[in-house]
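Before anything else, here's the structure in question.
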Amino acid sequence: MSAAFRKIMTQQEFFDWAETQDARYEFDGFQPIAMTGGTLGHSSLIRNINFQLMSRLRGKTCEPLGPDAGVATMGDTVRYPDAVVTCTEFNARDRLVPNPVIVVEVVSPSSVRMDRITRLREYQAVPTILRYVIVEPDAMAVTVLSRDHAGEAFWAAGLTEDDTLHLPEVGIEIPVTAIYEGIALNETRTPGA
């Protein structure tokens, strides 16, 4: 069937449909987009990021959520960042994170363009997102995009292994080395080693 003849979904139709699927999808505002599986290194980075956020935000008013938490961006688009932080109360049955403050994406070969261009534009369109963090999987390198003082555009800073990720919006800091802890970059990893 031609794409021109497909029915355009609403966001609610997408959520209802996605609940019946075995695979994971994002919503581009019109139709579901399949999310590909990642590598074990990618999964380890996501685990480390969420652990660092959880342990540092424990007892504070902001809460980190993992890769199953949806973020509404432009129009009806729904993205599922690898990590997201909100400082707004929410109902456990909600499908979208209210007022996301920080979003984190771990780059994969299939998502480089999406993470650096499409998601950047989409996250920048959400006024509550003050920081967008892009984590590289093959080197200790993190790009931090922070909202400017006018609240309109993002400015970028690059971090490496000697740096610390400052997240003043939620009152925490994470050493870049903590994000990559236990991850052998571009190498085979032996469990427990």
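Laboratory data are not the source of any read-out in this text; all were calculated from the coordinates shown. What you see is a predicted model, and the numbers here were worked out from it, not measured in a lab. Cβ atoms come from the backbone with ideal geometry, glycine included; neighbour counts cover every protein chain shown.
Taking only DSSP H segments of four or more residues, each worth -39500 (n - 2.57), what value at 222 nm results for the chain once the sum is divided by all its residues, to the nearest 500 deg cm²/dmol?
Helix-only estimate at 222 nm: -5500 deg cm²/dmol.
On full extension of the chain, what length is gained from LYS7 through ARG58, given 0.36 nm per residue of separation minus the C-alpha to C-alpha distance? Don't jump to the answer; show the numbers that get you there.
Details: separation 51, 0.36 × 51 = 18.36 nm, distance 4.39 nm.
Separation in residues times 0.36 nm, less the Cα-Cα distance, equals 14.0 nm.
With axes computed from alpha carbons, what is the tilt in degrees of helix 40-57 against the longest principal axis of the chain, rounded to the nearest 10 within 0 to 90?
Here the helix axis deviates by roughly 80 degrees.
What is the gain in length, in nm to one decimal, between ALA34 and GLU89 on full extension, counting 0.36 nm per residue of separation less the C-alpha to C-alpha distance?
Once the chain is fully extended between ALA34 and GLU89, it gains 16.9 nm.
Given ILE172, SER110, THR20, which one lies farthest toward the positive end of the charge dipole of the chain, if we put +1 on the Cβ of every Lys and Arg and -1 on the Cβ of every Asp and Glu?
Checked the options; the winner is THR20.
Something else about it: Are there GluC sites (Glu not before Pro) in segment 31-131 that DSSP marks as loop and that have at most 12 other Cβ atoms within 10 Å, and which are they?
Answer by residue number: GLU89.
Please give the residues of segment 58-74, grouped as numeric ranges, whose backbone N is less than 18 Å from a label point set 7 Å along the Cα-to-Cβ vector of GLN21.
67-74
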